[in-house]
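*Asks:* Below is a structure I'd like to ask you about.
The values are calculated or read from the model by the stated rules, or taken from the named source; none is laboratory data. This structure is a prediction, so every number in the text was calculated from the model and none was measured. Ideal geometry is used to build each Cβ from the backbone, glycine not excepted, and the neighbour counts take in all protein chains shown.
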Amino acid sequence: MADCQETLNELHRYLDEELSADRVEEILSHLKICSDCTEAYEFHAVYKETIREKAQRDELSDGFLDRLKECFGTEIPPVDESDDDSGDGDPSNN
Ligand SMILES: [Zn+2]
């Protein structure tokens, strides 16, 4: 059975679906009995979802992304913007 520290340490990996099935089960069984970790889990899950949506709408500043990387201890994968081919930058747009 995972303890709180372990659960919190693996939370972002769990959300990224990087954990083995065994670890996922341990995390989930801990969440069932621990409201503190459940809260942390929900916070991270909602946060991550919000970030994903915002990133897709291009609402994130560079500094904000840097803070997020620190928060999650991981790189945020770049958003695929395959329909953006309007040119290579506009220096006059200030
Ligand atoms: Zn806990």
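*Asks:* Six or more apart or on different chains, Cβ atoms under 6 Å: show the pairs whose first residue is in the range 33-51 and within 13 Å of LEU11 (Cα to Cα) and at pLDDT 90 or above and whose second is near the ligand (Cβ under 8 Å from one of its atoms) and polar (S, T, N, Q).
*Replies:* Correct list of pairs: CYS37/THR7.
*Asks:* Quick one: how many residues across the range 1-32 are in contact with a helix residue (DSSP H, G or I) (Cβ under 7 Å, 6 or more places away or on another chain) and either without any contact (Cβ under 8 Å) to a residue 60 or more places away in the chain or aliphatic (A, V, I, L, M) (or both)?
*Replies:* Looking only at the range 1-32, we keep the residues that are in contact with a helix residue (DSSP H, G or I) (Cβ under 7 Å, 6 or more places away or on another chain), and these are 1-2, 4, 7-8, 10-12, 14-15, 19, 23-24, 27, 30-31.
Then keep just the ones that are either without any contact (Cβ under 8 Å) to a residue 60 or more places away in the chain or aliphatic (A, V, I, L, M) (or both); that gives 1-2, 4, 7-8, 10-11, 14-15, 19, 23-24, 27, 30-31.
Number satisfying all stated conditions: 15.
*Asks:* Which members of the range 15-32 meet the condition of being surrounded by 11 or more Cβ atoms within 10 Å (Cβ to Cβ) and modelled with pLDDT under 90?
*Replies:* Step one: of the range 15-32, the residues surrounded by 11 or more Cβ atoms within 10 Å (Cβ to Cβ) are 15-16, 18-19, 23-31.
LEU15, ASP16, listed by residue number.
*Asks:* Answer with yes or no whether GLU18 is acidic (Asp, Glu), under 17 Å from GLY73 (Cβ atoms) and away from the ligand (no atom under 13 Å from the Cβ). It would help to see each step written out before you state the result.
*Replies:* Working: acidic (Asp, Glu): yes; under 17 Å from GLY73 (Cβ atoms): yes; away from the ligand (no atom under 13 Å from the Cβ): yes.
Yes, satisfied.
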